[in-house]
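This report refers to the structure that appears directly beneath it.
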Amino acid sequence: MAVAGILNIPKLPLFSSLPLRKRLRSLSISIKASNSQTSTKEEENPSFSSSSSSSSTTRTATTFAPPPNFKPPEPKPFAIRPDKTWDVVGASLALFFRLGTGVFVSGYSASLVSEKEIPPGQYSLELGGSKVKETSKIGRRPEKPIEIYEFEGCPFCRKVREIVAVLDIDVLFYPCPKNGPNFRPKVAQMGGKQQFPYMVDPNTGVAMYESDDIIKYLVEKYGDGSVPFMLSLGLLTTLTAGFAMIGRMGRGNSYTPSKLPPKPLEIWSYEGSPFCKIIREVLVELELPHIQRSCARGSPKRQILYEKAGHFQVPYLEDPNTGVQMFESAEIVEYLRATYAQ
């Protein structure tokens with residue numbers, strides 16, 4: 001079953017986008033805590049002078065540690081903690097509105113085979129007495145993670161996260177919740193305005209706004225050039241991406257005061273998973289930079305996680321600031337809030 005496809009529909013004038021590409025000459029993106037309070041209205045286009053950009057105060061270095069008596073939970077495949085049932089149900093509505101976009105890697109195909117055809121130690125999904133053999137067609141891999149500034153409650157940002165899953169590329173996400181003191185001002189400093197998503201490709205020096213332009217750039221650079229069907233419908237794509245957020249309205253939008261760690265967290269996840277979405281909401285609210293190891297169905301990284309953790313299940317969190325590695329979305333949410341919320 002192939003995911004990628006092209007539909008040649010002329011774009012509506014309302015949603016035609018102007019390319020805003022820039023070459024980054026000498027740009028250093030650092031992760032540091034800041035007490036600066038900068039206006040974050042969506043339509044503002046503030047200019048940052050050298051004095052204003054350097055007025056932020058770096059917080060005293062903080063030592064991060066797991067919560068007292070913390071113990072990572074045992075993974076429970078396909079299990080939902082009772083108090084999180086409605087959270088998962090609400091997050092699952094996106095699968096309906098977006099027809100599963102972001103669940104499968106480009107060129108995905110699957111077939112049922114006997115258990116003997118899958119070598120021991122190789123990840124595969126079991127169905128009854130058979131196993132599912134999955135394949136995909138991925139393009140060139142970026143040497144360094146793509147950097148994307150965005151937040152959960154934005155339909156344009158969701159479109160870009162979906163193509164990230166389809167292309168199976170790793171991304172360093174800089175969350176930009178409303179009133180966030182760190183990365184919203186950084187976007188205005190780099191690009192001239194606070195508009196999201198904003199992408200930086202450190203492999204080529206290209207930086208740009210506009211979700212459709214970002215999608216086109218990524219499929220041409222790291223895919224086969226084809227924009228998936230559900231991402232090629234112009235206004236309809238944006239509307240359904242907005243409807244996809246109905247079940248989690250308001251989550252992952254606004255900043256919760258937090259302690260910013262020196263290193264980005266790593267999360268194995270993909271946009272089509274409702275369990276992963278719940279984690280992403282909290283990462284955005286706490287403004288925690290994180291590297292997403294994309295692993296939608298058909299991703300070869302599923303085998304990598306299987307070998308690393310002895311089991312495949314997402315989300316899977318690796319926190320280099322505390323050494324914690326853990327499965328289970330509900331417990332990951334509690335860990336993140338206990339460790340990083342102020």
Revision key, fill the gap. Note, the range 184-201: 3J(HN,Hα) by Karplus (6.51, -1.76, 1.60, θ = phi - 60°), whole Hz, Gly/Pro = x, goes 4, x, 5, 5, 4, 5, 7, x, x, 7, 8, 9, 9, x, 10, 10, 10, 9
Check your understanding: Given R₀ = 25 Å, FRET efficiency for Arg141-Ala341 by Cβ-Cβ distance, to 0.05?
Key -> 0.15
Exercise for review: Apply the Karplus parameterisation 6.51 cos²θ - 1.76 cosθ + 1.60, with θ equal to phi minus 60°, to every residue of the range 81-95 and state each ³J(HN,Hα) to the nearest whole Hz, in sequence, with x for glycine and proline.
Suggested key: 5, x, 6, 10, 4, 6, 4, 5, 4, x, 5, 6, 4, 4, 4
Review point. If packing is taken as the mean number of other Cβ atoms within 10 Å per residue, what is the order of 279-287, 68-76, 96-104, highest first?
Key: 279-287, 96-104, 68-76
Practice item. Could you point to the residue in Pro197, Tyr217, Asn182 farthest towards the positive end of the range 181-252's charge dipole, with +1 and -1 charges on the Cβ of Lys/Arg and Asp/Glu respectively? Key: Asn182
**Study point:** Separation of alpha-carbon centers, the range 117-173 and the range 295-342, rounded to whole Å
**Key:** 15
**Study point:** Across Lys221/Lys259; Lys186/Lys221; Lys178/Lys308; Lys71/Lys277; Lys71/Lys221, pairs whose alpha-carbon gap is larger than 31 Å
**Key:** Lys221/Lys259; Lys178/Lys308; Lys71/Lys221
Check your understanding: In sequence order, what are the phi-derived ³J(HN,Hα) couplings for the range 173-183 according to the Karplus relation 6.51 cos²θ - 1.76 cosθ + 1.60 with θ = phi - 60°, rounded to whole Hz, with x for glycine and proline?
Key -> 8, 10, x, 10, x, 4, 6, x, x, 9, 9
Revision key, fill the gap. With a ≥ b ≥ c from the Cα gyration tensor eigenvalues, square-rooted, and the rule rounded for a/c under 1.5, otherwise prolate when a/b > b/c and oblate otherwise, the range 126-223 is prolate
Check your understanding: Considering only protein heavy atoms and a 1.4 Å probe, what is the carbon-and-sulfur percentage of the accessible area of the range 212-342?
Key -> 53
Practice item. For Val89 paired with Leu239, estimate the spin-label separation in nm (one decimal), with each label point 7 Å from Cα along the Cα-to-Cβ line. Key: 2.7
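The values are calculated or read from the model by the stated rules, or taken from the named source; none is laboratory data. Keep in mind it's a predicted model, so treat the numbers as computed, not measured. FYI the Cβ positions are ideal-geometry reconstructions off the backbone, even for glycines, and counts take in every protein chain you see. Note: areas computed on protein heavy atoms with side chains; ligands, DNA, RNA excluded. Shrake-Rupley method; radii C 1.70, N 1.55, O 1.52, S 1.80 Å.
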